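S.K.: My questions will all concern the structure given below.
The values are calculated or read from the model by the stated rules, or taken from the named source; none is laboratory data. Here the structure is a predicted model, which is why all the values come from computation and not from measurement. Neighbour counts are summed over all protein chains in view; Cβ atoms, including those assigned to glycine, are modelled from backbone coordinates with ideal geometry. The area values use the complete protein model at the heavy-atom level, side chains included, leaving out ligands, DNA and RNA. Shrake-Rupley method; radii C 1.70, N 1.55, O 1.52, S 1.80 Å.
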Amino acid sequence: MAASPAAAAAAATVSSFVSPSSFSSVKASKPDRLRPARRAAAVNVRCVSSPPATETSFKTKVPRNANMAKLQAGYLFPEIARRRAAHLLKFPDAKIISLGIGDTTEPIPDVITNAMAERAHALSTVDGYSGYGAEQGEKKLRAAIAATYYADLGIEETDIFVSDGAKCDISRLQVLFGSNVKIAVQDPSYPAYVDSSVIMGQTGLYQEDVQKYGNIEYMKCSPENGFFPDLSSVPRTDIIFFCSPNNPTGAAASRDQLTKLVKFAKDNGSIIVYDSAYAMYISDDSPKSIFEIPGAKEVAIETASFSKYAGFTGVRLGWTVVPKELLFSDGHPVAKDFNRIVCTCFNGASNISQAGGLGCLSPEGLKAMSDVVGFYKENTKIIVDTFTSLGFNVYGAKNAPYVWVHFPGRNSWDVFAEILEKAHVVTTPGSGFGPGGEGFVRVSAFGHRENIIEAARRLKQLYK
């Protein structure tokens with residue numbers, strides 16, 4: 001019996017990788033000691049666009065959320081997964097290398113998984129069992145986060161809300177702010193900021209001619225301005241989403257630039273939502289937290305995550321810092337309202353994940369995470385060297401696991417399609433991050449070393 005189209009599409013998302021035998025001559029790098037023996041490829045299920053629902057004879061009387069209708073097509077990364085699956089249907093024998101979505105690939109270090117395993121086993125004992133925990137996170141983990149990342153910055157454990165990841169907290173913050181605010185985003189930027197704003201009803205309609213939503217301020221970040229917006233030309237908004245190191249450009253804001261951003265927010269009475277998900281990749285003197293800047297506690301919230309440090313993209317664990325000094329216009333503490341949101345919408349991060357978080361923050365765990373980050377940064381160098389040798393202008397990479405490659409005069413989706421079609425390599429089209437990303441593609445350094453090397457070989461062959 002022939003497989004259904006849905007089944008075929010699901011089968012097409014089976015992860016594929018380059019055979020290790022193809023790289024017998026490649027010398028293993030130091031982080032390979034962290035990697036267990038290769039297992040058979042696993043089915044990798046991703047959220048992809050569904051076919052239109054078949055007509056039914058019955059409809060409810062519940063109107064659709066009009067804000068959902070404003071969203072343009074599917075979310076960026078499921079759309080990439082859909083195109084990848086379609087490519088596999090066309091080329092079933094292709095060995096696709098995915099350098100698109102920023103998903104980690106290397107095993108979680110033993111010191112961290114051992115901590116989770118110990119907690120999981122304890123749950124099967126009378127003394128070790130625990131049910132619901134504090135919605136804000138376990139006291140010991142909150143204290144460890146404060147001591148590790150915010151020592152001497154005036155951030156206390158009670159300012160920290162442990163969560164299931166920064167992306168989830170972005171949406172909870174949008175619920176906190178409500179529909180009657182105006183936001184500003186870097187252009188280009190992580191699409192969750194804009195899409196959650198649309199869903200909350202903060203925006204106008206999508207304007208096809210400029211590829212922007214009404215009532216959002218897009219702060220242009222380009223090579224010409226060092227990927228930092230000209231704040232003198234940015235109108236006041238209530239909320240400023242700012243990511244550093246930036247996804248997708250990889251640019252890290254300097255201390256001077258962040259000082260200007262904090263002053264801008266103070267002058268305008270705005271709140272900065274500072275996404276520091278890639279701070280551990282910073283290798284120069286760029287600030288790793290917005291709270292390194294004097295006065296930031298009065299105007300900023302910071303979100304962070306273990307995803308890209310410890311490989312927790314599936315485990316799910318992050319945190320958000322809401323300083324007690326941050327107040328709404330009526331003087332009410334922002335943290336009190338966020339606590340109410342968290343207690344209403346969330347039952348707290350998994351106790352097993354939180355045990356892993358404590359493992360991450362042990363001396364051995366911090367060293368292990370540094371090794372994993374170092375491995376991905378080595379991958380980044382291979383990608384940068386590849387495109388540079390081909391004559392492309394390349395940005396980012398130094399302080400982030402992303403390489404931002406310029407294809408002047410080209411349509412980003414066309415470049416994405418060209419690389420996929422001719423090299424069987426998945427990247428991310430820059431325009432998916434906003435109109436300022438047109439003409440660029442983002443290449444992720446998250447990948448097994450042999451796949452990075454093979455992707456580099458294919459790209460050199462394509463663009464030589």
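S.K.: Going through segment 97-178, which GluC sites (Glu not before Pro) have at most 14 other Cβ atoms within 10 Å and a DSSP loop state? Write down the numbers at each step before the final one.
M.R.: Details: sites: GLU118, GLU135, GLU138, GLU156, GLU157; in loops: GLU135, GLU138, GLU156.
Answer by residue number: GLU156.
S.K.: Right, another one. Net charge near GLN202: determine it from the other residues with C-beta under 13 Å of the C-beta of GLN202, scoring Lys and Arg +1 and Asp and Glu -1. Mind dumping the intermediate values first?
M.R.: Numbers: positive: LYS70, LYS182; negative: ASP195, GLU217, ASP238.
Its environment carries a net charge of -1.
S.K.: Before rounding to the nearest 500, sum -39500 (n - 2.57) across all DSSP H runs of length at least 4 in the chain and divide by the residue total; then give [θ] at 222 nm in deg cm²/dmol.
M.R.: So the helix-based figure for the chain works out to -11000 deg cm²/dmol.
S.K.: Follow-up. Applying 1/(1 + (r/R0)^6) with R0 = 25 Å to the Cβ-Cβ distance of LYS336 and ARG255, what FRET efficiency is obtained, to the nearest 0.05?
M.R.: Efficiency, from the Cβ-Cβ distance: 0.20.
S.K.: Which three semi-axes in whole Å describe the equivalent ellipsoid of segment 114-361, each the square root of 5 times a Cα gyration tensor eigenvalue, listed largest first? Don't jump to the answer; show the numbers that get you there.
M.R.: Details: eigenvalues 197, 75, 62 Å².
In descending order the semi-axes read 31, 19, 18 Å.
S.K.: Follow-up question, since we're still on this one. If contacts are Cα pairs under 8 angstrom and at least 6 residues apart, what is the relative contact order of the chain in percent?
M.R.: 20
S.K.: Under a crude label model (7 Å from the Cα following the beta-carbon direction), how far is LEU462 from THR60 in nanometres?
M.R.: Label at LEU462, label at THR60, 4.3 nm between them.
S.K.: Could you check how much of the accessible area of the chain is carbon and sulfur, as a whole percent, using a 1.4 Å probe?
M.R.: 55
S.K.: Now for a different question. With unit charges on the beta carbon (Lys/Arg positive, Asp/Glu negative), name the residue among GLY374, GLY154, TYR129 whose Cα is farthest towards the positive pole of the charge dipole of the chain.
M.R.: Looking along the dipole axis, the top candidate is GLY374.
S.K.: Okay, next question. Just to be sure I understand the curve: with the Debye formula and one point per C-alpha of the chain, what is log10 I(q)/I(0) at q = 0.05, 0.07, 0.12 Å⁻¹?
M.R.: Ignoring solvent entirely, the Cα scatterers give -0.18, -0.37, -1.15.
S.K.: While we're looking at this one, here's another question. Pull up all non-local amide H partners of TYR213: gap of 5 or more, or a different chain, and H-to-H distance under 5 Å with H placed in the peptide plane.
M.R.: Amide H to amide H, under 5 Å and 5 or more residues apart or across chains, TYR213 pairs with GLN207.
S.K.: Something else about it: Enter the Cα centre distance for the pair segment 274-303 and segment 331-346, rounded to the nearest angstrom.
M.R.: 22
S.K.: Using each residue's phi in segment 456-464, evaluate 6.51 cos²θ - 1.76 cosθ + 1.60 at θ = phi - 60° and report the 3J(HN,Hα) Karplus result to the nearest Hz, with x for Gly and Pro.
M.R.: Using θ = phi - 60°, the values come out as 4, 4, 5, 5, 4, 5, 5, 10, 5 Hz.
S.K.: Any chance you could check the Cα centroid distance between segment 227-241 and segment 424-464 for me, in angstrom?
M.R.: About 29 Å separates the Cα centre of segment 227-241 from the one of segment 424-464.
S.K.: Could you order peptides 90-101, 178-189 by the average number of other Cβ atoms within 10 Å of their residues, highest first?
M.R.: Highest mean packing first, the order is 178-189, 90-101.
S.K.: List the residues whose amide H sits under 5 Å from the amide H of MET219, counting only those 5 or more places along or on another chain, with H placed 1.01 Å from N in the peptide plane.
M.R.: Those qualifying (amide H under 5 Å, at least 5 residues apart or on another chain) are VAL185, GLN186, ASP187.
S.K.: So, R0 is 25 Å and r is the distance between the beta-carbons of CYS343 and TYR75; what FRET efficiency does that work out to, to 0.05?
M.R.: 0.35
S.K.: Would you mind working out the accessible area per residue for segment 114-361, using a 1.4 Å probe, and quoting it in Å²?
M.R.: Accessible area per residue: 40 Å².
S.K.: Let me ask another. Based on Cβ point charges of +1 for Lys and Arg and -1 for Asp and Glu, what charge dipole magnitude is obtained for segment 318-464 about its Cα centre, in debye rounded to the nearest 20?
M.R.: Dipole magnitude for segment 318-464 comes out near 280 debye.
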